[in-house]
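The block underneath contains the structure these notes are about, expressed in structure tokens.
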Amino acid sequence: MIAKCGKFERLAYPGLLIIPVPCICSRVGNVSTRLQETIVRCETKTKDNVFISMECSVQYEVLRDRIYEAFYKLQDPYVQLSAYVFDVVRAAVLLQIILSFVEFKLLTVH
């Protein structure tokens, strides 16, 4: 991310970076476009009032045409992603009973 006088100017891709006027143009940060993974731990209650603890592994990547939004519009991507995943998991688990999770676990192990 290259800024000119504090305003976004252009994206700088990997490789040699030449800044024409170093005191006016500056590199303000970087955004990884690689595939990343984060683990979200959720504790929630099922339909039959049993509390379960789950770990959800989420893989994500920044799209090349949305780098500007990823850098300037997201304050803390990990916290925002974790909150979204937690809400989705909590809503989905609330509708299930504990036996369905046990059956699912037994089916996936074998």
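The values are calculated or read from the model by the stated rules, or taken from the named source; none is laboratory data. These figures come from a predicted structure and were not determined experimentally. We place every Cβ from the backbone using ideal geometry, glycine too, and count neighbours over all the protein chains shown.
The residues of the range 64-87 include none that are loosely packed, with under 10 Cβ neighbours inside 10 Å and in contact with a helix residue (DSSP H, G or I) (Cβ under 8 Å, 6 or more places away or on another chain).
Answer yes or no: is there a residue in the range 13-20 that is in contact (Cβ under 8 Å) with a residue 60 or more places away in the chain and not assigned by TED's automatic domain parsing to the domain that holds residue 99. Looking through the range 13-20, none of the residues is in contact (Cβ under 8 Å) with a residue 60 or more places away in the chain and not assigned by TED's automatic domain parsing to the domain that holds residue 99. Quick one: in the range 88-99, of everything that is in contact with a strand residue (DSSP E or B) (Cβ under 8 Å, 6 or more places away or on another chain) and of a type in the set (A, V, I, L, M), which residue is surrounded by the most Cβ atoms within 10 Å (Cβ to Cβ)? Top of the filtered list is 93. Summed over the range 35-46, the residues that are out of contact with any Ser or Thr (no Cβ under 9 Å at 6 or more places or on another chain) and either of a type in the set (Gly, Ala, Ser) or surrounded by 12 or more Cβ atoms within 10 Å (Cβ to Cβ) (or both) give a count of 2. Total residues in the range 1-42 satisfying the condition of being touching a helix residue (DSSP H, G or I) at 6+ places or on another chain (Cβ under 7 Å) and farther than 24 Å from residue 60 by Cβ: the figure is 0. Contact map, the range 86-103: first residue more than 12 Å from residue 45 (Cβ to Cβ), second residue surrounded by 13 or more Cβ atoms within 10 Å (Cβ to Cβ), Cβ cut-off under 6 Å, separation 6 or more or different chains; pairs are 86/42. If you check 67, 39 for being closer than 30 Å to residue 12 by Cα, among the hydrophobic types (A, V, I, L, M, F, W, C) and either assigned by TED's automatic domain parsing to the domain that holds residue 2 or in contact with a Cys (Cβ under 9 Å, 6 or more places away or on another chain) (or both), only one passes: 39. In the set (1) surrounded by fewer than 10 Cβ atoms within 10 Å (Cβ to Cβ); (2) modelled with pLDDT of 80 or more, the condition left unmet by residue 17 is number (2).
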